[in-house]
Amino acid sequence: MSIRLRLALSYGTLFALILPLVTVLSYALHARGQYDDLDRALLVSAGHAIAEASDSVTGPHLIQGKEGLEIALRFYTTTGTLQELSLGTETLPTMNPYNVLRNPSGPAFDAFTSLIPPMMGYVSVPPRGVFYLLSTPTQRWRVYVQPIYFGVRTTGYIEALTPLGHIDTSMQTFRLLLGVLGFCSLVAALGGSWAIAGNALRPIARMIQTAQTIALSRDLSQRIDMPAQKDELGRLAATFNEMLASIEGAYRTQQRFVSDASHELRAPLTAIQGNLELLRRYQAMPAGEREEAFEEMEREADRLSRLVADMLALARADAGVPLKRHTIDLDVIVLDSFRSARQLAHGQTMQLEPFEPAQTDGDEDRLKQLLLILLDNALKYTPEQGHIMLGLHHKDGHIEIVVHDTGMGIAPEDLPHVFERFYRADPGRSRDPGGTGLGLPIAQWIVEQHGGAISLKSQQEQGTCVTVSLPLSGGRL
Ligand code: ADP
């Protein structure tokens, strides 16, 4: 069952439960008011008639009440014989006052009215006064009977009667009207809640549609139309779009990585294949050229294995492999890396300055890898006679590692991209077998995993300065 149908049915059921309750109570209150008005009029008329009868000899007579209300009166003797009666009541069955007064509980007006107790207001029913209902083939009559006393002696009985035909018909019409209105309201409520639920769930339907389109077309650039309201569904649509944007970004990065990786892997492989082909075809190749071909193949194989190692490192980084972190002496790692890098220098001078002992919580191997990437870059892009400075010091409650070189620097247009995977600044040097374009992205990942930050400043032909900021171990200096 759809959410829309469930919502519509829940609202409908709730309404169907509340509506009859409200309808019956309002009807009962209204009917009770109407019938109570009649009872009050009967009481008052009977009271007046008793007073008049005891004062005059004219006897009982028909009283014309307000709004055409007709009240007839009948007097009975103490033995229950009809003594006097209003015109128009001749055909009505007479009562036995004795029986009526003995069994005062007559039938209720109707099932609904009896839900509300009589509210007689300012008129009170005398102790032995009794109301009951008299049914004739044409209509019902409301009857009030009360004994007439002279001192403590009963001298007779008075019966006040009023026809209920008019009010019964009007109540019947009212019941019918309420029933029809109730049914129409229920149908309208069901229809309305179906429409409202449909309207409220429309953004969800659109989301489902978009998700289906994406699933079929694999087009992650699609977005959901944002609903105008900033309600829960609006926020859900916004979150859905953000999620799509993030998946799209990750997917594009992945695609670029795969295409860049295959491109990068193809270059050394082609070089190796070309050289192998050359060696196979020209058996009589001079020894010098043969040696050159072997050297190139060696360089390309070396580059290939570096590429694979770097790609593996990044794949592990993407997979979220956790670092093995513990408190380490960063100065020892910096010194170690400095010594290793110095072996690779080809004419550049290398200095370790400033140098302060420092501890951080981190992964020793990864931090060494970071330093070797930065020092390797400095050596790669700094000509002979250039200078490379490596510094380790405390700054503003952090540890700062600075690798500064006086090399060729980076062009301003390349600077924003150097942390992108496979990005290499100068196409002229991009075939440098040492470079993979993955060094700085790996360095950035390592620094971020340690809760630090990496920044790079460079000026063409002036040099480059890479600053790494790392948190101190346990906040200690
Ligand atoms: P690569 O393996 O090519 O060095 P990196 O990701 O380490 O890849 O660096 C990206 C690019 O940034 C390099 O190709 C280079 O152009 C530039 N670069 C990085 N470090 C330096 C530096 N110290 N001096 C000049 N250019 C640099």
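The values are calculated or read from the model by the stated rules, or taken from the named source; none is laboratory data. In this text, all values refer to a predicted model and were calculated from it rather than measured experimentally. Note: ideal-geometry Cβ built from the backbone for every residue, glycine included; neighbour counts use all protein chains shown.
Among residues of segment 157-191 being touching a residue at least 24 places away in the same chain (Cβ under 8 Å) and under 35 Å from the mean Cα position of the chain (by Cα), the one that is farthest from residue 91 (Cα to Cα) is 190.
Assess whether residue 401 counts as being of a type outside the set (Phe, Trp, Tyr), within 16 Å of the ligand (Cβ to nearest atom), outside any helix (DSSP H, G or I) and under 24 Å from residue 321 (Cβ atoms). Against the criterion (of a type outside the set (Phe, Trp, Tyr), within 16 Å of the ligand (Cβ to nearest atom), outside any helix (DSSP H, G or I) and under 24 Å from residue 321 (Cβ atoms)), residue 401 qualifies.
Would a scan of segment 61-82 turn up a residue that is at pLDDT 70 or above, surrounded by fewer than 17 Cβ atoms within 10 Å (Cβ to Cβ) and under 15 Å from residue 161 (Cβ atoms)? So far as segment 61-82 goes, yes, one or more of its residues are at pLDDT 70 or above, surrounded by fewer than 17 Cβ atoms within 10 Å (Cβ to Cβ) and under 15 Å from residue 161 (Cβ atoms).
The single condition among (1) free of Cβ contacts under 8 Å to residues at least 24 places away in the same chain; (2) within 12 Å of the ligand (Cβ to nearest atom) that residue 409 does not meet is (1). Among the residues of segment 437-477, just one is farther than 19 Å from residue 405 by Cα and of a type in the set (Ser, Thr, Tyr), namely 473.
Of the residues screened, residue 171 is not one that is farther than 30 Å from residue 70 by Cβ and crowded, with 17+ Cβ neighbours inside 10 Å.
Name the residues in segment 1-30 that are of a type outside the set (A, V, I, L, M, F, W, C), closer than 18 Å to residue 198 by Cα, touching a helix residue (DSSP H, G or I) at 6+ places or on another chain (Cβ under 9 Å) and assigned to a helix (DSSP H, G or I), would you? 4, 6, 10, 11, 12, listed by residue number. For segment 408-435, residues that are at pLDDT 75 or above and either over 19 Å from residue 304 (Cβ atoms) or among the aromatic types (Phe, Trp, Tyr) (or both) total 16. Contact map, segment 1-24: residues that are touching a residue at least 40 places away in the same chain (Cβ under 8 Å) paired with residues that are in a helix (DSSP H, G or I) and among the polar types (S, T, N, Q), Cβ distance under 7 Å, separation 6+ or inter-chain. Pairs shown: 7/193; 8/193; 11/193; 12/193; 19/185. State whether one or more residues within segment 341-354 are part of a loop (DSSP other than H, G, I, E, B), under 46 Å from the mean Cα position of the chain (by Cα) and surrounded by 18 or more Cβ atoms within 10 Å (Cβ to Cβ). Looking for residues that are part of a loop (DSSP other than H, G, I, E, B), under 46 Å from the mean Cα position of the chain (by Cα) and surrounded by 18 or more Cβ atoms within 10 Å (Cβ to Cβ), one finds none in segment 341-354, hence no. Does residue 389 satisfy the condition of being within 7 Å of the ligand (Cβ to nearest atom) and touching a residue at least 24 places away in the same chain (Cβ under 8 Å)? Against the criterion (within 7 Å of the ligand (Cβ to nearest atom) and touching a residue at least 24 places away in the same chain (Cβ under 8 Å)), residue 389 does not qualify. For segment 355-382, a residue qualifies if it is within 16 Å of the ligand (Cβ to nearest atom), in contact with a helix residue (DSSP H, G or I) (Cβ under 9 Å, 6 or more places away or on another chain) and part of a loop (DSSP other than H, G, I, E, B), and exactly one does: 381.
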